[in-house]
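What follows is one structure encoded as structure tokens, with my remarks underneath.
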Amino acid sequence: MDIGAILSDSATLSPLALSAKVMGVAGVLQLIAGVPLAFWLSRSKGVLHNFIDTAVTLPLVFPPVATGFVLLFLLGRRGPAAELFGDSIIFGFPGLVVAAFIAGLPLLVKPVQAALKSAEAAKLHEVAAVLGKSETEIFLKVLLPCTKRAIAAGTLLALARSLGEVGMSLMLGGNVIGRTNTLSLEIYNAVFNGEFERAAVLSSIIGIASITIFSALKKFSDAE
């Protein structure tokens with residue numbers, strides 16, 4: 001097995017670059033949306049809270065392919081989002097970002113939500129409220145600093161999940177060779193085509209990335 005030739009092959013580099021780009025964009029979106037959403041979920045109650053909390057958590061237990069089908073129905077040319085976006089989301093880079101975003105979001109939201117609902121955070125929130133701080137000030141100046149470890153850990157978990165996403169990416173991206181075949185999907189393609197050595201190399205790349213993320217998580221845990 002010529003590992004160097006496999007690694008330098010454009011058929012390997014292209015999915016690798018695409019996965020890195022998808023992870024980067026999805027990771028930024030997860031941070032922008034996930035942290036405020038976790039704050040809202042930690043303070044809200046009622047029917048809307050239950051609905052959104054369930055929708056955020058569902059991708060953790062619902063089969064990714066089935067989730068992808070639901071998203072395909074919603075975002076496809078005949079779906080309710082067609083009037084706003086047309087069919088520009090599915091079978092392209094935006095579809096891959098949506099899949100990665102949805103897959104990783106609960107792994108960021110749930111740890112941060114739990115940290116914000118902790119006794120320490122609740123006490124800090126109460127003290128800041130008594131001092132007359134607004135909810136925005138409490139969120140930005142009090143709660144964010146005390147939950148930074150949970151945010152960092154959740155972000156790493158979300159990125160790892162985004163990297164390994166297959167089912168939703170297959171449904172929304174279509175696995176179009178040279179366009180939407182991410183690293184994870186390319187492993188499937190390699191096995192399907194009988195290129196087991198190439199599949200092993202691609203799996204090793206994801207394995208190294210996963211171990212690196214796990215090591216970073218462990219450092220966060222040990223530092224506490």
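The values are calculated or read from the model by the stated rules, or taken from the named source; none is laboratory data. Note that the structure is a prediction, hence the values are computed from the model and not measured. In this analysis, Cβ positions are derived from the backbone assuming ideal geometry, glycine residues included, and neighbour counts consider all displayed protein chains.
Listed values, structure above:
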item: Failed condition for Thr147, given (1) hydroxyl-bearing (Ser, Thr, Tyr); (2) under 18 Å from Ile32 (Cα atoms); (3) surrounded by fewer than 19 Cβ atoms within 10 Å (Cβ to Cβ); (4) touching a Ser or Thr at 6+ places or on another chain (Cβ under 9 Å); result: (3)
item: Residues located in segment 57-88, provided they are within 12 Å of Ser169 (Cα to Cα) and modelled with pLDDT under 90; result: Leu72
item: Of the criteria (1) without any contact (Cβ under 8 Å) to a residue 60 or more places away in the chain; (2) within 13 Å of the chain's Cα centre (by Cα); (3) over 15 Å from Ile102 (Cβ atoms), which one Ser19 fails; result: (1)
item: Whichever residue in segment 160-176 is of a type in the set (A, V, I, L, M, F, W, C) and over 19 Å from Ile206 (Cβ atoms) and, among such residues, is surrounded by the fewest Cβ atoms within 10 Å (Cβ to Cβ); result: Val176
item: Verdict on Arg179 being in contact with a Ser or Thr (Cβ under 8 Å, 6 or more places away or on another chain) and within 19 Å of Leu16 (Cα to Cα); result: no
item: Where a residue in segment 35-57 is within 20 Å of Ile102 (Cβ to Cβ) and its partner, wherever it lies, is part of a helix (DSSP H, G or I) and not aliphatic (A, V, I, L, M), with Cβ under 6 Å and at least six apart; result: Ala38/Gln113; Phe39/Phe139; Leu41/Asp53; Leu41/Gln113; Val56/Pro106; Thr57/Pro106
